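This report concerns only the one structure given below.
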Amino acid sequence: MRVDGTMMRTIWPSGHGAVRIIDQTRLPHELVTVELKTLDDAAHAIKAMLVRGAPLIGAAAAYGVALALKANASDESLDHACRVLAATRPTAINLRWALDRARREIGRHMPVDRVPVAWRLAAAICDEDVAANRAIGRHGLALIRDRAREGEPVNILTHCNAGWLAAVDIGTATAPIYAAHDAGIPVHVWVDETRPRNQGASLTAWELGQHGVPHTVIVDNVGGHLMQHGLVDLVIVGSDRTTAQGDVANKIGTYLKALAAQDNDVPFYVALPSPTIDWHLADGVAEIPIEQRDPAEVTHIAGRLADGRVAAVRVTPEGSPAANYAFDVTPARLVTGLITERGICPASREGLHGLFPERREPHAGA
Ligand code: MRU
């Protein structure tokens, strides 16, 4: 992604055994990078959401393991790092996917060899994410091109930030949007603000603006109205965990957009790289763990004051309890299709197996 004329990823090794990230809690008001030097730095960055978004927290966890092994490359240290990092956020499966891979691929080496292996693995996870998102962009571009009409932009609604900032580069839901924009297809994006943390208003709007993509920020409840009036051609969102039968966990409020889309015959697509698929789960509503975060994210809202300072203000009465469910599950029946790096498929076990035949379970007795 080009930011102020410079190509940037969201995470990169800074050259002396440390890792640099964009502190996303400071956007859109300030673009600040932060260095992570230890396992605890990495765990804090994920938990406090300096880095967030399913693919990016997987990449950050992989670098967290490398930082831990730099201090101590024993089996115990590898185990401890994986446990600490896995405990940071429960819903996005990419985190556990990266840690399982780290345990497997690093653990088979002798401690003395593990540090370079861990750094190479983290870099590979980042590069694979970028390649997957580029492929998602190529496949998703066709969906947008099909809806292009002479002289009119294709109106796409997205929720939360499944963009460049949620991944290592390009993003998942934004990949087809950037591909279409770069191909000269006029697009316009309706950006859900995404309370309580406002990832849409703060992050998606910022990165679309950096790339020059026309967009409009709306409050979370506008989508249904826009769809009733023919103002949304397509919904594309990301995913934190997609089950083997195609149920999709994503930022809280995604389910309501899917219901509105179905009621108005608006296609509802989910873009995801394959590490987001949890092949062990089927029923997303029953089985995907839903993160509950600090109620203070609901009772307070952060913004920039007229004097330039960034501050949080209370929006609820003192003493009113608040609940902060961070994700919800959209059942497969409401999803028009899944856009993956291997192509687009129906949100179903058969659809996913069509693209990932190696995941088909062998028939009994075979
Ligand atoms: O709580 P967040 O900001 O980590 O939630 C992010 C989302 O819900 C994204 O839509 C999802 O991770 C897909 S990212 C490509």
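The values are calculated or read from the model by the stated rules, or taken from the named source; none is laboratory data. Values in this document were obtained by computation on a predicted structure and should not be read as measured data. Please note: Cβ atoms are built from the backbone with ideal geometry, for glycine as well, and neighbour counts cover all protein chains shown. Heads up: the accessible areas ignore ligands, DNA and RNA and are worked out on the full protein's heavy atoms, side chains in. Shrake-Rupley method; radii C 1.70, N 1.55, O 1.52, S 1.80 Å.
Being assigned to a helix (DSSP H, G or I), charged (D, E, K, R) and within 14 Å of the ligand (Cβ to nearest atom) is a property that R138 lacks.
Test V168 against the stated conditions and say whether it is in a loop (DSSP other than H, G, I, E, B), modelled with pLDDT of 95 or more and either within 16 Å of the ligand (Cβ to nearest atom) or open to solvent by 40 Å² or more (accessible area, probe 1.4 Å) (or both). In short, yes.
Looking only at residues of segment 42-71 that are within 15 Å of the chain's Cα centre (by Cα) and basic (K, R), we find that the one that is nearest to R20 (Cα to Cα) is R52.
Within the span defined as segment 273-288, every residue fails to be more than 29 Å from G351 (Cα to Cα) and either touching a Gly at 6+ places or on another chain (Cβ under 9 Å) or surrounded by fewer than 24 Cβ atoms within 10 Å (Cβ to Cβ) (or both). Just so you know, in segment 112-137 the residues that are open to solvent by less than 50 Å² (accessible area, probe 1.4 Å) and among the charged types (D, E, K, R) include one that is nearest to W164 (Cα to Cα), and it is D129. When D146 is tested against (1) near the ligand (Cβ under 10 Å from one of its atoms); (2) without any contact (Cβ under 8 Å) to a residue 12 or more places away in the chain, just one condition goes unmet, and that condition is (1). Among the helices (runs of 4 or more DSSP H) confined to segment 53-114, the ones with at least 1 residues that are within 16 Å of the ligand (Cβ to nearest atom) and either modelled with pLDDT under 95 or among the basic types (K, R) (or both) are located at 93-107. Here is the figure for segment 304-327: residues that are touching a helix residue (DSSP H, G or I) at 6+ places or on another chain (Cβ under 9 Å) and open to solvent by less than 60 Å² (accessible area, probe 1.4 Å) total 6. Can you tell me which residue within segment 13-43, out of those that are open to solvent by 50 Å² or more (accessible area, probe 1.4 Å) and within 15 Å of the ligand (Cβ to nearest atom), is farthest from A249 (Cα to Cα)? Result: R26.
Confirm whether A81 is within 19 Å of the chain's Cα centre (by Cα) and either farther than 30 Å from A311 by Cα or free of Cβ contacts under 8 Å to residues at least 12 places away in the same chain (or both). No: the conditions fail for A81.
Would you pick out the residues in segment 203-226 that are touching a residue at least 60 places away in the same chain (Cβ under 8 Å) and either of a type in the set (A, V, I, L, M, F, W, C) or near the ligand (Cβ under 10 Å from one of its atoms) (or both)? Passing the criteria: L203, A205, W206, L226.
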